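In what follows, a structure is listed as structure tokens, so that the remarks can point back to it.
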Amino acid sequence: MRSKLRKELPLHLMLLPGLIMIILFSYVPMAGVMIAFQKFIPAKGLFGDQKWVGFDNFDYVMSLPNFTQVLWNTLFISSLKLILGLIVPLVFAILLNELASNVIKRTVQTAIYLPYFLSWVVLGGILIDILSPSGGIVNEFLGLFGVSKIFFLGDNDWFPFTLIASDVWKNFGYGTIVYLAAITGIDPGLYEAATIDGANRWHKTWHITIPGIRMVIVLLSVLSLGQLLNAGFDQVFNLYSPQVYESGDILDTFVYRIGLLDAQYGVATAVGFFKSIISLTLISSSYFLAYRFAKYRIF
Amino acid sequence: MQQPLTPNQADLTTVHRKKKFDGISVLNATFLILVSLLCILPLIHIVAVSFSSSAAASAGYVRLWPVDFTFASYMYTMSRTEFWQSMIVSLTRIGIGTPLNLLLTILVAYPLSKESHALRFRSVYAWAFFITMLFNGGLIPWYTTLKEYGLLDSIWALVLPGAVPVFSVVLLLNFFREIPKELEEAALIDGAGHFRTVWSIFVPISKPALATLALFSMVEHWNSWFDGLLLMGNPANYPLQSYIQTIVIQQNLSNMSRDAMLDLALISDRTLKSSQIFLGSLPIILAYPFLQKYFVKGIVLGSVKG
């Protein structure tokens with residue numbers, strides 16, 4: 001017994017630095033959600049003698065006229081991103097897989113994958129420039145077809161769709177690789193057999209490729225569910241402006257503004273807490289479903 | 001679900017069946033090439049603007065090639081001390097952050113890759129780490145905590161909170177599990193302890209996986225901007241992406257001297273911003289060939305194992 005513990009001890013020691021880090025930087029901030037139930041005064045400190053106010057902060061948030069709008073924006077933007085984020089890469093993976101030339105295939109992959117690596121600061125800067133109604137290259141291009149100028153980032157009708165389209169643009173390369181990897185794993189014998197049986201391109205896609213990666217599709221869909229309340233802080237923060245708050249303000253940017261700009265710490269934490277609880281429920285259920293339907297285990 | 005992919009499959013270019021050229025193939029190829037252009041043309045346009053004269057850029061003459069080629073906007077950006085300060089902060093961040101991430105990933109992944117009977121409380125530990133991926137206190141508690149620790153305005157605020165990249169831990173522990181048990185047993189018989197085994201056997205074998213994780217970590221550190229913006233009160237401590245964010249997105253020029261303003265009048269706002277956008281993405285673009293190769297493996301390793 002003694003010697004077993006001694007053999008194990010180095011393993012526990014190895015875990016120690018990592019544990020200390022997550023306790024300090026993940027668990028202590030989790031304990032900090034108590035701010036949601038306080039009238040928090042920063043000067044008194046996180047564990048100082050703060051005034052407890054029960055659910056007042058939550059009541060206050062619910063009474064804000066724009067809270068429902070923010071919640072709606074979040075759900076609308078993120079669900080469209082999730083749906084397109086699953087379908088667009090799937091279509092591209094299938095189209096790419098049909099390419100006969102490996103050179104084109106490789107080049108296309110390299111190109112569509114590039115925006116994924118750039119930060120939303122860089123991409124935000126690019127989008128602000130090319131989408132500008134005054135001299136932006138996109139509007140000039142549309143002008144060639146007689147389309148009148150569109151203020152993509154300043155018009156409430158356009159803004160959410162600009163967010164969704166640019167998010168798909170940034171990320172579909174990543175998703176395509178995942179699907180493509182799965183397609184490459186399909187037994188080539190199936191395609192040969194189907195060809196002998198006289199199947200054409202569509203038959204093969206429909207009856208071999210898609211069923212062959214069904215599990216990956218299920219897995220990615222289920223796992224993405226957990227992200228429903230994350231409409232993309234990095235992106236929205238870098239692209240929005242007061243005139244599109246109505247259509248583009250999401251929970252995370254809302255928290256940022258009431259919390260850090262208006263210094264209403266308690267209220268902002270209440271919104272964040274609400275979001276975390278729902279996200280936790282969604283993510284846990286999605287991992288459970290992923291395990292049920294795709295036998296996915298994280299470790 | 002599926003067999004683990006071999007490196008050959010991970011290359012994603014294996015052709016399974018004979019393909020013939022016909023109308024649909026040509027249409028497909030054309031479509032895909034057009035979409036590829038859509039992904040890179042915006043970047044090329046920005047680069048072209050950044051190298052164009054201020055007059056040509058403001059008048060909107062620039063398409064995909066610089067007009068009246070000039071380095072003016074780059075000279076201006078490079079002459080700014082803020083630019084170099086933030087560049088140094090970014091490089092320091094990568095220099096400290098990446099090794100720290102790798103070290104902690106290895107130290108956490110190795111014990112967790114053991115069977116439950118070989119490590120007491122294994123599942124307790126595993127969940128302790130995993131929960132941090134599922135739940136967090138939110139923005140305000142996070143900010144308040146770091147403030148209490150006295151980390152604001154210090155480089156440690158940028159590297160310590162993310163010191164344990166749990167997602168990387170999951171990837172590496174799954175990788176460690178694929179390593180044949182016999183190697184480890186042989187090491188133990190030869191009298192190596194766990195630390196020795198990790199360092200002399202697991203780390204060398206896992207070099208490709210570790211290289212992937214190192215790239216993940218470097219890109220992450222390079223691209224992060226919000227923590228810099230939030231946690232650094234003094235703009236001199238901003239990493240490069242945070243600096244670019246204030247200049248290009250917020251258009252906050254308030255901390256500029258009068259001379260700097262006069263200089264700026266000679267260069268258009270647009271070429272200046274474009275050059276900063278380009279400088280902010282340059283390391284990624286230069287590293288892209290390596291990035292792509294490793295990331296494809298990393299993604300395949302991480303996303304579709306079963």
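The values are calculated or read from the model by the stated rules, or taken from the named source; none is laboratory data. Because the structure is predicted, anything quoted here is derived from the model rather than measured. Don't worry about glycine lacking a Cβ; one is built from the backbone with ideal geometry, like all the others, and counts go over all protein chains shown. SASA here: full protein model, heavy atoms, side chains in, ligands and nucleic acids out. Shrake-Rupley method; radii C 1.70, N 1.55, O 1.52, S 1.80 Å.
Points worth noting:
- When each of A:209, A:162, A:195 is tested for being more than 30 Å from residue B:54 (Cβ to Cβ), among the polar types (S, T, N, Q), touching a residue at least 40 places away in the same chain (Cβ under 8 Å) and in a helix (DSSP H, G or I), the lone residue that passes is A:209.
- The criterion of being touching a Leu at 6+ places or on another chain (Cβ under 9 Å) and within 14 Å of chain A (Cβ to nearest Cβ) holds for residue B:100.
- No other residue among A:179, A:191 is under 21 Å from the mean Cα position of the chain (by Cα) and of a type in the set (Phe, Trp, Tyr) apart from A:179.
- Some residue of region A:276-287 being part of a helix (DSSP H, G or I), under 21 Å from residue B:226 (Cα atoms), at pLDDT 90 or above and touching a Ser or Thr at 6+ places or on another chain (Cβ under 8 Å): no
- Residue within region B:140-150 that is touching a residue at least 40 places away in the same chain (Cβ under 8 Å), open to solvent by 20 Å² or more (accessible area, probe 1.4 Å) and touching a Phe, Trp or Tyr at 6+ places or on another chain (Cβ under 6 Å) present: no
- Residue B:158 being part of a helix (DSSP H, G or I), open to solvent by less than 40 Å² (accessible area, probe 1.4 Å), aliphatic (A, V, I, L, M) and in contact with a Gly (Cβ under 6 Å, 6 or more places away or on another chain): no
- Which numbered condition residue A:44 misses (of (1) within 34 Å of the chain's Cα centre (by Cα); (2) within 13 Å of chain B (Cβ to nearest Cβ)): (1)
Yes/no per residue for (1) in a helix (DSSP H, G or I); (2) more than 8 Å from chain A (Cβ to nearest Cβ); (3) closer than 16 Å to residue B:228 by Cα:
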site	(1), (2), (3)
B:49	yes, no, no
B:52	no, yes, no
B:63	no, no, no
B:70	no, yes, no
B:74	yes, yes, no
B:140	yes, no, yes
B:145	yes, no, yes
B:153	no, yes, yes
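Table: residues versus (1) open to solvent by 50 Å² or more (accessible area, probe 1.4 Å); (2) within 10 Å of another protein chain (Cβ to nearest Cβ); (3) within 23 Å of the chain's Cα centre (by Cα); (4) among the small types (Gly, Ala, Ser).
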residue: A:198; (1), (2), (3), (4): yes, no, no, yes
residue: A:207; (1), (2), (3), (4): yes, no, no, no
residue: A:211; (1), (2), (3), (4): yes, no, no, no
residue: A:258; (1), (2), (3), (4): no, yes, yes, no
residue: A:284; (1), (2), (3), (4): yes, yes, yes, yes
residue: A:294; (1), (2), (3), (4): no, yes, yes, yes
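- Residue list for region B:103-138, restricted to those being over 11 Å from residue A:15 (Cα atoms), of a type in the set (Val, Ile, Thr) and within 7 Å of chain A (Cβ to nearest Cβ): B:132
- Lone qualifier among B:275, B:242 - being modelled with pLDDT of 85 or more, open to solvent by less than 10 Å² (accessible area, probe 1.4 Å) and within 22 Å of residue B:95 (Cα to Cα): B:242
Per-residue answers, yes or no, for (1) in a helix (DSSP H, G or I); (2) modelled with pLDDT of 90 or more; (3) small (Gly, Ala, Ser):
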position	(1), (2), (3)
B:8	yes, no, no
B:15	no, no, no
B:86	yes, yes, yes
B:114	no, yes, no
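- All positions within region A:237-256 that are β-branched (Val, Ile, Thr), assigned to a helix (DSSP H, G or I) and away from chain B (no Cβ under 12 Å): A:244
- Helices (runs of 4 or more DSSP H) fully within region A:1-75 that include at least 1 residues being surrounded by 13 or more Cβ atoms within 10 Å (Cβ to Cβ) and touching a residue at least 24 places away in the same chain (Cβ under 8 Å): A:56-63.
- All positions within region B:178-191 that are over 13 Å from residue B:110 (Cα atoms), open to solvent by 20 Å² or more (accessible area, probe 1.4 Å), away from every other protein chain (no Cβ under 11 Å) and touching a helix residue (DSSP H, G or I) at 6+ places or on another chain (Cβ under 8 Å): B:183
- In region A:115-139, the residues that are open to solvent by less than 20 Å² (accessible area, probe 1.4 Å) and facing chain B (nearest Cβ under 7 Å): A:115, A:117, A:118, A:119, A:121, A:122, A:124, A:125, A:126, A:130
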